[in-house]
Every structure is written in C-alpha cells, then in structure tokens.
Amino acid sequence: MSFGSGNDDRFHPAIPKLVDALEKRHIGRREFIRTATLLGMSASMATLIAACGEEKKQEAASSGETQTAAVAPGTPKKGGVLRIGARVPALDNPATFSWVYDSNCVRQANDYLTRTRGDGVTVPILLEKWEPSEDLKTWTLRLRKDIKWSNGDALNAEHVVWNIKRWLDPNVGSSVLGLFQGFILKEVETGEKDEQGNPKKTTELWDANAIEKVDDYTIKLNGQVSTLAIPENLFHYPALILHPKDEGKWGVGAIGTGAFEPVEVEVGKKCVLKARKGYWGEGPYLDEVQFIDLGDDPATKLSALSSKQVDGLYDADIKVYPSIQKLEHVELHKIDTAQTAVARMHCNEKPFDDPRVRKAMRLAIDTAAVAKIAYGDLGTAAQHHHVSPVHPEFVDMPMPRDLEAAKKLLADAGYPDGIDVELHAKKDPDWEPTACQAMVEQWKEANIRVKLTVLPSAQFWDVWTKVPFGFTVWTHRPLGIMVLGLAYRTGVPWNESNFANPKFDELLTKAEGLVDIGKRKEVITEIEHLMQEEGPIVQPLWRQSYQPFDKQLKGYEAHPTEYYFCEGMWWDK
C-alpha cells in the first residue's frame, strides 16, 4: 500500500510499519487507527487506510471490540434544556479537578486541545493538528486560527503556553504533572529535608526551552525522552484551556472557547450553562444545560430520573440498575471501560512497607467472586496491576487466590499469626462498601483481620490520602500507561499509596515511548508482574458503564470515561 506523496500527506516514519503490521494482522484495525492518529495522521485518513487493509465488518466481529452508541441520524433541532443529575462540587480551580463530574460541567464552556473519543481515537479540537518528531521527543502543536474566546479575543499560542506551564507548576498541584514528569519534567531537591531526614524533592522543567512558543499559533514541547501519548495526555480532564485573564479560576462570567457559558454555579445544588453566540464549532443545538446535584443516595437519583425531573444520570448506581432497566422512556448506553477501584496501601507504613505483606493481601482475594458480589453482571475480575482488558497494551496475567501462599508470605514477613489492619471506604455508591465487605470476609481466611470503617463521602475525602489503607475509585483512561503514570510514578500528585519503585519508573518511561504495540506489551508484562509482586494495590474488579438518558435525546455517544459533549446533543420532541 502506498500513500503520503503530497505535501499535506507527510506521515511519521513509523506509519508504514503500522500499515505492515495491520496487513499481517499483527494489530487490529482499531489499534492501527488509534496509534496512527497519535502519530499525527488525521482520523479520516487512518480510517480510510485501515478500511483498505482489511474488512471492517470481519474485524469488528472477530476482535470483540466494544461498540459505542451511534449518533442518531436526522437533522438536529434547535432549542430545549438538558438536565443531568450529577454532583456539583467546587468548580473554581479546574487544574486541580479530581473527578470527571466537575470537568463535565466546565468542558461545556472551555475546550481541550484534543479529544479522545469514545472509540479511543484522539482527534484535534483547539489544535488543528500535531506533528511528533521521528524519535517522539519533540511535539509540534498547531492551533486552529479561527477560534475566538467568549470575550472576543483570538486564541493564541501564548494562552496555551500559559496553561501548560500552570498545569506543570508543582505549587498548583495538578495531576497533569504526573503525565509529563518523565517527558519534560525532572526531579530536583528543594534543599529541605523531611521528618526522616531525607531530601525533599520537587519538579521543574528539564530545559528552559521545554515549552516553546514558535509563533502565534504554534507550540513545541521539547522532551528529554520519547513519549507516544502526548495527544491523549492533553485530554486528561484537568487539562482544560482557560483564558489567562481568569488567572486559573472558573465560574460565572469565566471566559471560554466552548459552546456554552456558565450563568449560575451553586456548589452542592446546580451548575447552569446557556448556549453562547459566536461559537466556532458546530452547534450548540440546546438552549441550556443544567447539572443538578442529587446527592449520593441512589434512590433519590432513581426517583428523579423516573419522574423526569432529570433527563439523565451521571455514574448511575448498580443498586438501581434493575429498576432503571424498566423505565420505558430511558435508553441505556452501555460501554466496556477501565473504570475500577483499588484497596491501596501506604507503602511507607507498617505492615504495608513490606512487599510480602502487600502480595499476601492480593493472594487472599478471589477477584471474580468480589466482582460478582459488588457489581453483578456489569463487573469483571481484575488482576491487581491496573492495566485493563480494554487497554491496547493489556497482557492477560491472572493472579489466582492462594491462601497458603498468602499465609506463608505473612509469616516470612514476621507475622506468623497474621495482621490486624483498618480499611477506610466511603458509603456511596453502595457497591464500594459491598466490595470491601466481601474482601474483608476473604481476608479472614488468610489470618488478615480487617476492620472496615465506612464513612460518609464528605468525611472520607477529608482523610483519603492520610489513611494507610483506603478504597478509592479510578476512572477510565484510554491507555494503561496513562493511569500507571498518574497513580504510581514516584512523587506525582495522585500517587496516593506513596509507592516509590525506581524499576517501575524506568519501565514506565520506556513503555511510554514505544509505538510498536508488541514491544510495549513486552514492557507492560514486566510492569504487570512487578505490580503483582511489589505493587501497592488490591484490585478486585473492572466496571462496565451504563449511562441512562431519555430516549428523545439525540447525539449522545457513550464514552468510557462518561464525558459529555453537549454541543452535539439535541432533542427530538
């Protein structure tokens, strides 16, 4: 297959190898499109090449790919209000968002540079395109030239550089830092010491020219190592592009590039956004979007949906799934995801400072049984390494329950009579304490005596990083290397387990720079093994997402991270 003869069709040198791998069936159609677009090819061109390489229908049938809901045909109608039941937390500092639902409010008013669609393919949004260097160390980001902020200013490179530098400022505390630490950030000592006398460390740009403004519409990211997932990292949900005039804050009157603008924000109650004039993209078709806070009680959410007080629910609880299935006016959008929860241990506190204890905690668990108890038919067993079957680099590595091996590890670690520990979890949603209680019963059989403390959500989030043993949820990311970088790389903001393993960091940085999926899987195999042997988590399950919305709402596409793109939605009433 030949391609790329014109000036506008210059492809990354790795593309021909991808085409060859596709034709030899070493990779599937989806993985070809995902990787080719990361390397700078347009999604339409990648799809065309993939279609020429193999039969689309045959590939979809044989690969087991998740099918997202298709956009409904027809001409979009203007008007109407969409009401979504979702928590409305403080929204004033998007760079530090920790949850998808807060970003869902703000993403209607402020855009990202890129967007990873529900099918895992990343496309430009505020960017026109991106161009990685052959060695994947330099990424050239080219902005669209037709985008106006809601105050009339033209979007330019200075605005973007300001945002990126703010995300990566350790004083801001953004989790985006964890995705770029190996790429354009380096660790440095602060000159201070902690309570144990160890040098305190922080991060800074590895080079003064790491973030370079080339011209008014072009930015270069000059990295120290090869990295493949830059376009996907730019869609990490705190990476919203804000106008520098707002100084990193968001609320009523905030300047945005999105299809809506915030007109009312009341924490714990609602966030209201109205369609704005002069939006640069297609849409919006809705007059208004409302996010209504219904609290954590699943019965309250069910009642609001069934009585049509809201038109859809964010993160609908598994407890009310059978009842929602019976609502005739509701369509369930289902999609396989990498959404999960982990019982994470502080690796610097006893008894979890010994990797043998951490492994014993894993060996004592029957993940399939816990998944079934906690999440029914929508739950599947995990393998304690936080790389999901939906991730392209996933390597199947079961870790069967072995009580005798768990007891021996505890004895070898100096705990022949077992251990007594306390696990903190939050009350809602109901499946979380249910999963924890199931694990508590299983741990008993290995002489691991766990006191389960279930707290109201507000109290839990006050202490979640402080407790030595806590149960926390993690949402979907399109690549396994993304979640590994966010959660387990040494010293990053979301490393809630205080896991610090130089070998893990080395392997992860290596995996992040590999285009060849086979080679990346080889490294991921080592990472998964390391996580099972020394890692900080017990991971019982993966969650399939079901997203209930009124059948008359059109243009809704299920996204595995449950992101909403309301500019393309409309009512067929």
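What follows draws every value from the coordinates through simple rules; no lab data is involved. Here the structure is a predicted model, which means the values were calculated and not measured. In this analysis, Cβ positions are derived from the backbone assuming ideal geometry, glycine residues included, and neighbour counts consider all displayed protein chains.
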**Request:** Check the straight Cα-Cα distances from Lys78 and name the aspartates and glutamates below 14 Å, setting aside those fewer than 8 residues away within the same chain.
**Result:** Glu282, Asp287, Glu288, Glu567, Asp572
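Would you mind counting up the charge near Glu404? Only other residues with Cβ under 13 Å from its Cβ, with Lys and Arg at +1 and Asp and Glu at -1.
Working: positive: Arg401, Lys407, Lys408; negative: Asp402, Asp412, Glu445.
Its environment carries a net charge of 0.
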**Asked** Got a sec? Charge dipole of segment 336-544, +1 on Cβ for Lys and Arg, -1 for Asp and Glu; which of Gly518, Pro536, Ile365 is way out at the positive end?
**Response** Pro536
**Asked** For Val473 and Asp194 in one chain, what is 0.36 nm times their gap in residues minus the Cα-Cα distance, to one decimal in nm?
**Response** 97.5 nm
**Prompt:** Under a plain spin-label model, where a point goes 7 Å from the Cα along Cα-to-Cβ, how far apart in nm are Val81 and Lys444?
**Reply:** 5.1 nm
**Item:** Entry for Kirkwood radius over Cα pairs in Å (calculated from the structure that is shown) out of [x] 24.8; [y] 25.8; [z] 27.4
**Value:** [x]
**Fill in**
Computed for segment 165-283: size of charge dipole around the Cα centre, +1 on C-beta of each Lys and Arg, -1 on C-beta of each Asp and Glu, debye to nearest 20, value 400 debye
**Request:** Under 14 Å from the Cβ of Arg489, count the other residues' Cβ atoms, weight Lys and Arg +1, Asp and Glu -1, and hand me the total.
**Result:** 0
**Complete:** Out of Ile27, His236, Val123 - ranked by how far each Cα lies towards the positive end of the dipole of the chain, with unit charges on the beta-carbon of charged residues - the top one is Val123
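What percent does the relative contact order of the chain come to when contacts are Cα pairs within less than 8 Å and at least six residues apart? Display every interim value, and only then the final one.
Numbers: 1201 pairs, mean separation 112.0, N = 573.
Reported as a whole number, the value is 20 percent.
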**Asked** What is the gain in length, in nm to one decimal, between Ser457 and Met397 on full extension, counting 0.36 nm per residue of separation less the C-alpha to C-alpha distance?
**Response** 18.3 nm
**Inter-probe distance in nm under a simple model that places probes 7 Å from Cα toward Cβ, at Lys17 and Glu506** = 2.3 nm
**Message:** For segment 336-544, what does the convex hull of the Cα positions come to per residue, in cubic angstrom?
**Reply:** 106 Å³
**Asked** Simple spin-label model, 7 Å along Cα-to-Cβ: Glu158 to Glu266 in nm?
**Response** 3.9 nm
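Between Lys519 and Leu48, 0.36 nm times their residue separation minus their Cα-Cα distance comes to what?
Extra length from Lys519 to Leu48 when fully extended: 167.0 nm.
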**Prompt:** Can you give me the pair-distance distribution of segment 87-246, C-alpha pairs, 10 Å bins, whole percents?
**Reply:** 10, 37, 35, 14, 3, 0
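How large is the charge dipole for segment 87-246, taken about the Cα centre, if only the Cβ atoms of Lys, Arg (+1) and Asp, Glu (-1) carry charge, to the nearest 20 debye? Spell out each step's value before the answer.
On the way: 19 positive and 24 negative charges, 75 e Å.
About 360 debye.
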**Item:** Formal net charge of residues neighbouring Ala14 (Cβ-Cβ distance under 11 Å; K, R +1; D, E -1)
**Value:** -3
**Request:** In debye, nearest 20, what is the charge dipole magnitude of the chain about its Cα centre with +1 on Lys and Arg Cβ and -1 on Asp and Glu Cβ, if you could check?
**Result:** 780 debye
**Prompt:** Can you give the convex hull volume of the alpha carbon atoms of segment 207-263 per residue, in Å³?
**Reply:** 129 Å³
